[in-house]
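Report on the following structure.
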Amino acid sequence: MPVGGLLPLFSSPAGGGLGGGLGGGLGGGGGRKGSGPAAFRLTEKFVLLLVFSAFITLCFGAIFFLPDSSKLLSGVLFHSSPALQPAADHKPGPGSRAEDAAEGRARRREEGAPGDPAAALEDNLARIRENHERALREAKETLQKLPEEIQRDILLEKEKVAQDQQRDKAASRGLPQVNFVPPIGAEGREPADPTIRDKRAKIKEMMKHAWYNYKRYAWGLNELKPISKEGHSSSLFGNIKGATIVDALDTLFIMGMKDEFQEAKSWIEKNLDFNVNAAISVFEVNIRFVGGLLSAYYLSGEEIFRKKAVELGVKLLPAFHTPSGIPWALLNMKSGIGSNWPWASGGSSILAEFGTLHLEFMHLSYLSGNPIFAEKVMNIRTVLNNLEKPQGLYPNYLNPSSGQWGQHHVSVGGLGDSFYEYLLKAWLMSDKTDLEAKKMYFDAVQAIETHLIRKSSGGLTYIAEWKGGLLEHKMGHLTCFAGGMFALGADGAPAGLAQHYLELGAEIARTCHESYNRTYVKLGPEAFRFDGGVEAIATRQNEKYYILRPEVVETYMYMWRLTHDPKYRKWAWEAVEALENYCKVNGGYSGLRDVYVRHESYDDVQQSFFLAETLKYLYLIFSDDDLLPLEHWVFNTEAHLLPVLHTDKKALEVKEQ
Ligand code: DMJ
């Protein structure tokens, strides 16, 4: 009932509705006692006052103190924060302070606050108004409920939380015995061609340089600062340590660096601790730590990796305790309290984050024998399938409380990218049995092609960003992974489209190669544009950086495997030379602040994904196809290896003890 509906109680106790009912009852009682009209009015007033204060207490209790309150509070707090705080440090894929800050600025622009301060102020005010209105609407909805309804909601919510906690506990109990199956193609042959062999050996040398410098200057910390020669810690991992160690495990393994792999393993056994009292990014921890541990387990069969992966998976489960089951972006793994990035539209979770859990969580269920992980990610899919998609596109923002889309921004780069990748790979990893994922992938790609993919006047195909129907003719380095994705999916494309998707992959690879080729250092910028008379060039200073990202060589790797066109090896080698010439320093490899200048512009961070992804993809390009054959493995978005769950094996290897 609206608060306004109760107000007549003050002025007219004998009025209609609830007022009338109360008035009648109280009047009768007063009359029976025969205490006179004055006393009668006093008693009535007193009781009314009591009823009113009880109601107010109930409402405030419901809003602030009871378990249900998280929805409303998150609405109020998060909705108002984007304009009050500087843009947060994050966007999928970062990992360094330099990158974080730059991406934060990029976010401010994306949210519609370009260089002009007056426009930015106006924009921020509009956003504050919009957020406040939304918070008020939600508050009003809660207040409109009858006390019994609120009570019922509270009880239901309490029951749900208790059940969730029980299930989380159950998930952490002993693991079933798994008969480890030796992996297929975990160690390939030496390439027969001596030139290719030398190139591959060179890439292994690069891995050694990156690894030994990390070991020497930052061992046990998350990442290395190769210029300062000390550790670097990103807020993405809270206080979890050892990101480079976990991220590098499988690259060490496939390169045959067995001693280093053992060193990493024993650090993990003794030191890797998830009981951290700080917010972590659920997405980053999943793709790097869960993915890295699963991959190490599948390659080596060492139980410690399975144990740690499941332990961490259990720690991530409270992120799903939201009304819709769409997980929070951030989680304090000690307290189990989740939240969202303060900059995200209307308190939303991010598509590329909650949409990039599927592969790892399916394997967690497989390896733990507990369906809870799979249930959580399948529920995300159900929520998405029940939502109306604007023009068939998936917006980047989804509110976990309301289960509704936030701003209608669509991107195949940051904030959207790996969601599409995981749809395709969910289908491949299921031995092509997950037909729902396949359909979602091809439907999404069709909409992307119609609304986002364009060709420049110079003939370069690019993927623009879509903002409520308007296109921004910009493509991010992150988006370059899509070339490989289109090519990888070509095989399963609707009738007659296989060749088309393979060609689309090749065109994106060419565009991304151009973005590299048009710089001074021959490594590409964070984002490049196709407007204002330029093509495949960064025009804004804060888009000119390169942080050792893998997406372009990732696409070369898939294109090489799927076509064997020698140009992909040529382009990959150009990238190797550029890394050696411009990013290699005494203390490791560093990102660059500006790829268009000849002078050094180091950002002083050796990202953990340089070891997990960039070097791994390069190594694979110069290996034979028998190393990690694509029909047996899928790469998670951090290039960690997950075996295809072949139909004949699916239920076989996990046996209850
Ligand atoms: C990685 O952490 C992953 O590839 C992620 O999907 C996006 N970006 C970074 C590397 O650029």
If amide H atoms are modeled at 1.01 Å from N in the peptide plane, then the residues at a separation of 5 or more from Leu641, or on another chain, having amide H under 5 Å from its own are Ser295, Asn636
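Which value, in debye to the nearest 20, describes the size of the charge dipole of the range 545-657 about its Cα centre when Lys and Arg Cβ atoms bear +1, Asp and Glu Cβ atoms bear -1, and nothing else is charged?
Values: 12 positive and 19 negative charges, 19 e Å.
Roughly 100 debye for the range 545-657.
How do 209-219, 403-413 rank on mean C-beta neighbours within 10 Å, highest first? The partial results should precede the final answer.
Numbers: 209-219: 19.5, 403-413: 22.0.
Put in order of decreasing packing, that is 403-413, 209-219.
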Nonlocal amide H pairs with Ile280, under 5 Å, H built at 1.01 Å
Leu331, Asn332, Met333
Protection proxy ranking, peptides 626-636, 220-230, 358-368, 321-331, average beta carbon neighbours within 10 Å, highest first
358-368, 321-331, 220-230, 626-636
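Treating the beta-carbon of each Lys and Arg as +1 and of each Asp and Glu as -1, no other charges, what is the dipole magnitude of the range 180-645 about its Cα centre, to the nearest 20 debye? Can you show the working numbers first?
Working: 47 positive and 55 negative charges, 121 e Å.
Value, rounded to 20: 580 debye.
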Toy charge model, Lys and Arg Cβ at +1, Asp and Glu Cβ at -1: the range 265-399 dipole around Cα centroid in debye, rounded to 20, equals 80 debye
Once Lys and Arg get +1 and Asp and Glu get -1 on their Cβ, which of Asn271, Gly220, Leu252 lies farthest toward the positive end of the dipole of the range 192-279?
Leu252
When you count, for each residue, the other Cβ atoms within 10 Å and take the mean per peptide, how do 257-265, 494-502 rank with the highest first?
257-265, 494-502
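Using R₀ = 30 Å, calculate the FRET efficiency as 1/(1 + (r/R₀)^6) where r is the Cβ-Cβ separation of Asp531 and Glu503; round to 0.05.
Numbers: r = 25 Å, r/R0 = 0.82.
FRET efficiency, Asp531 to Glu503: 0.75.
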Selection from Leu384, Met333, His409 lying farthest towards where the dipole of the range 330-428 points positive, charges on Cβ:
Met333
Total charge of the residues flanking Tyr441 in space, meaning their Cβ is under 14 Å from its Cβ, with Lys and Arg +1 and Asp and Glu -1, is -1
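Dividing the Cα convex hull volume of the range 180-645 by residue count, how many Å³ per residue is that?
Details: hull volume 62.5 nm³, N = 466.
Spread over its residues, the Cα hull of the range 180-645 gives 134 Å³ apiece.
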HN-Hα couplings for the range 238-247 via Karplus (6.51, -1.76, 1.60; θ = phi - 60°), in whole Hz with x for Gly/Pro, come out as x, 9, 5, 10, x, 4, 5, 5, 5, 5
Calculate, in nm to one decimal, what Ile337 and Lys570 gain on full extension: separation in residues at 0.36 nm each, minus their alpha carbon distance.
79.0 nm
Tell me which of Trp560, Tyr394, Thr322 sits at the most positive position along the dipole axis of the range 180-645, charges placed on C-beta atoms (Lys, Arg +1; Asp, Glu -1).
Thr322
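Throughout, read-outs are computed from the coordinates displayed, never taken from laboratory work. Keep in mind the model is a prediction, meaning the values are calculated, not measured. Note that we place each Cβ from the backbone using ideal geometry, even for glycine, and neighbour counts take in every protein chain shown.
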